[in-house]
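A.B. asks: Shown below is the structure under consideration.
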RNA sequence: GGCCCUAUCGUCUAACGGUUUAGGACGCGGCCCUCUCAAGGCCGAAAUACGGGUUCGAGCCCCGUUAGGGCUACCA
């Protein structure tokens with residue numbers, strides 16, 4: 001059926017998946033799934049100079065990690081392959097030849113040097129830079145002769161000299177550009193590879209793509225693509241140009257102003273659910289006040305009509321909050337699994353830490369953590385004895401009389417049998433009573449003694465987690481310091 | 001420079017031309033809770049870029065200005 005929705009994500013394999021690329025892929029995926037359509041992955045590797053080894057595998061792995069599954073693509077044939085452009089060279093050549101035959105394209109023998117020269121001249125004269133169409137009307141026999149002589153050449157599209165090209169964009173509405181500002185774009189390079197412009201049109205048509213959903217940086221070249229569709233006599237797909245993702249200074253999101261690779265965020269400990277949720281909301285929203293969306297919910301609610309027009313700053317603060325929310329909502333068993341994985345490659349890898357213990361750390365620390373690693377890094381005292389005491393807190397909490405008070409506390413604690421949280425609490429109350437001081441005057445110095453710091457989960461929780469023996473050991477060590 | 005796109009709190013955004021004293025979220029500040037830090041609850045500061053028009057009525061439509069961005073390659 002020709003009404004089948006087919007979309008594609010078509011990245012260049014330049015090494016990693018950019019977060020902007022992730023959002024483009026996600027929107028394509030959401031749109032396809034929402035409409036029971038197909039999501040195609042196509043690799044645009046027509047620039048040999050920019051090839052990076054392993055980039056395709058990496059791209060697929062990252063998409064897969066994010067939960068964005070393609071229906072067709074490299075290694076997953078759906079009858080429209082191959083899905084890697086470098087494997088489709090013959091197809092592009094054939095189509096370029098067709099265009100020449102029909103008079104919509106021509107051979108150009110201009111050297112890069114000549115091109116550079118005219119560009120310079122145009123720049124100096126403050127004119128817009130474009131090819132001067134020197135070879136546009138070369139005689140057929142001259143073309144033949146130079147071709148036979150083996151002269152290097154490219155194929156250019158023959159853009160009409162006048163008229164205005166108008167097209168509809170789902171997100172932007174009507175866009176109009178005059179033919180005269182369009183360049184006679186190269187469609188086949190001298191190395192025989194197609195440029196993006198030819199390849200994208202040929203492939204989108206041959207792969208029966210119904211909607212081209214891509215970044216706004218492609219908006220200015222869309223008229224060239226439309227011209228090619230017209231030259232071929234093909235039906236146009238629908239276009240939707242997504243707003244750009246921006247740096248805090250509002251320029252196009254780029255390296256050098258922070259991390260742009262999805263892998264960077266992954267390795268920092270962001271959950272895929274948080275990243276997907278976050279990126280989905282950069283340019284789209286459900287229209288109400290809900291903010292937490294699973295991939296499935298996004299599929300259900302997504303529509304291109306609700307995608308905004310203006311660029312969105314990639315705001316890490318909000319991503320952090322989302323990660324925090326996801327950590328808070330995650331089932332304990334899952335947090336435990338992730339914590340163990342983290343611990344296994346941490347300095348504490350050698351320690352025997354049972355699930356019961358780790359679960360209690362999770363319960364104590366979860367609402368204080370944004371990342372799994374925070375569970376450990378923000379409370380190292382659950383994993384090792386304090387090696388030093390926070391001096392600011394020492395000044396505030398350890399008074400001359402603290403030493404003897406701590407001794408009194410130690411005596412109470414020593415009598416406890418298998419104490420739990422409440423037992424520590426009542427023992428401390430007892431000590432405070434006998435010393436005729438407020439419990440807080442014991443709590444703060446003791447917190448410092450057992451944790452080395454002044455902040456963290458409830459004191460009795462800490463004590464119950466580290467246990468009686470460890471509590472006494474740490475308390476004794478602190479008393480020594482106090483004398 | 002030329003062409004194209006865009007314009008609501010610092011940021012992400014909501015508001016079928018009238019329900020708007022412009023709503024929510026992040027972040028920020030305050031208060032409550034409290035053994036600290038969090039979490040949670042409550043409260044607060046914070047925006048329709050500017051100028052014209054259309055209309056009974058404009059954040060929303062039109063024009064201009066300004067600002068920002070993208071593109072301007074034998075890169076994508």
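The values are calculated or read from the model by the stated rules, or taken from the named source; none is laboratory data. Keep in mind it's a predicted model, so treat the numbers as computed, not measured. FYI the Cβ positions are ideal-geometry reconstructions off the backbone, even for glycines, and counts take in every protein chain you see.
For (1) at pLDDT below 95; (2) at negative phi; (3) in the same structural domain as residue A:15 (by TED's automatic domain parsing); (4) more than 7 Å from RNA strand B (Cβ to nearest atom), each residue gets a yes or a no:
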site: A:247; (1), (2), (3), (4): yes, yes, yes, yes
site: A:259; (1), (2), (3), (4): yes, yes, yes, yes
site: A:262; (1), (2), (3), (4): no, yes, yes, yes
site: A:268; (1), (2), (3), (4): no, yes, yes, yes
site: A:289; (1), (2), (3), (4): yes, yes, yes, no
site: A:303; (1), (2), (3), (4): no, yes, yes, yes
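A.B. asks: Related question: Those residues that are in a helix (DSSP H, G or I) and either within 13 Å of RNA strand B (Cβ to nearest atom) or at pLDDT below 95 (or both), I need them from the range A:59-95; list them, please. Please lay out each step first, then the result.
C.D. replies: Residues of the range A:59-95 in a helix (DSSP H, G or I): A:59-66, A:85-87, A:89-95.
Matches in the range A:59-95: A:59, A:85, A:86, A:89, A:92.
A.B. asks: Restricting to the range A:128-143, name every residue that is in a loop (DSSP other than H, G, I, E, B), surrounded by 11 or more Cβ atoms within 10 Å (Cβ to Cβ) and on the phi < 0 side of the Ramachandran plot.
C.D. replies: Across the range A:128-143, the qualifying residues are A:129, A:130, A:131, A:132, A:134, A:135, A:136, A:138.
A.B. asks: Can you give me the number of residues within the range A:96-127 that are in a helix (DSSP H, G or I), closer than 19 Å to residue A:151 by Cβ and near RNA strand B (Cβ under 8 Å from one of its atoms)?
C.D. replies: First, the residues of the range A:96-127 that are in a helix (DSSP H, G or I): A:96-102, A:112-124.
Narrowing further to those that are closer than 19 Å to residue A:151 by Cβ: A:96-97, A:100, A:112-118.
Remaining after also requiring near RNA strand B (Cβ under 8 Å from one of its atoms): A:112, A:115.
Going through the range A:96-127 one residue at a time, the tally reaches 2.
This table checks each residue for (1) under 47 Å from the mean Cα position of the chain (by Cα); (2) farther than 20 Å from residue A:356 by Cα; (3) away from RNA strand B (no atom under 15 Å from the Cβ).
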site	(1), (2), (3)
A:417	no, no, yes
A:420	yes, no, no
A:431	no, yes, no
A:436	no, yes, yes
A:443	yes, yes, no
A:453	yes, yes, no
A:468	yes, no, yes
A:471	yes, no, no
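To keep it simple, each residue is scored yes or no on (1) within 18 Å of the chain's Cα centre (by Cα); (2) within 9 Å of RNA strand B (Cβ to nearest atom); (3) touching a residue at least 60 places away in the same chain (Cβ under 8 Å).
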position	(1), (2), (3)
A:196	no, yes, yes
A:204	no, no, yes
A:235	no, no, no
A:265	yes, no, yes
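A.B. asks: crowded, with 22+ Cβ neighbours inside 10 Å, over 21 Å from residue A:111 (Cβ atoms) and near RNA strand B (Cβ under 8 Å from one of its atoms): which single residue out of A:175, A:181, A:200 fits that description?
C.D. replies: Checking each option against the conditions leaves just A:200.
A.B. asks: Counting residues that are touching a residue at least 24 places away in the same chain (Cβ under 8 Å), which helices (runs of 4 or more DSSP H) fully inside the range A:271-388 reach at least 3? Talk me through it step by step, then tell me what you get.
C.D. replies: Details: elements: A:272-280, A:295-301, A:316-329, A:332-344, A:355-365, A:374-377.
Because the criterion is at least 3 residues that are touching a residue at least 24 places away in the same chain (Cβ under 8 Å), the helices (runs of 4 or more DSSP H) in the range A:271-388 that meet it are A:272-280, A:295-301, A:316-329, A:332-344, A:355-365.
A.B. asks: Does residue A:23 satisfy being within 16 Å of RNA strand B (Cβ to nearest atom) and either touching a strand residue (DSSP E or B) at 6+ places or on another chain (Cβ under 8 Å) or assigned by TED's automatic domain parsing to the domain that holds residue A:202 (or both)?
C.D. replies: Here the answer is yes, as residue A:23 does meet what is asked.
A.B. asks: Does any residue of the range A:208-215 turn out to be more than 8 Å from RNA strand B (Cβ to nearest atom), crowded, with 22+ Cβ neighbours inside 10 Å and assigned to a loop (DSSP other than H, G, I, E, B)?
C.D. replies: yes
A.B. asks: Just one of A:442, A:446, A:416 is at pLDDT 95 or above and either touching a helix residue (DSSP H, G or I) at 6+ places or on another chain (Cβ under 6 Å) or over 14 Å from residue A:471 (Cα atoms) (or both); which is it? I'd like the intermediate steps shown before the answer.
C.D. replies: On the way: A:446 fails: either touching a helix residue (DSSP H, G or I) at 6+ places or on another chain (Cβ under 6 Å) or over 14 Å from residue A:471 (Cα atoms) (or both); A:416 fails: at pLDDT 95 or above.
Unique residue meeting the criteria: A:442.
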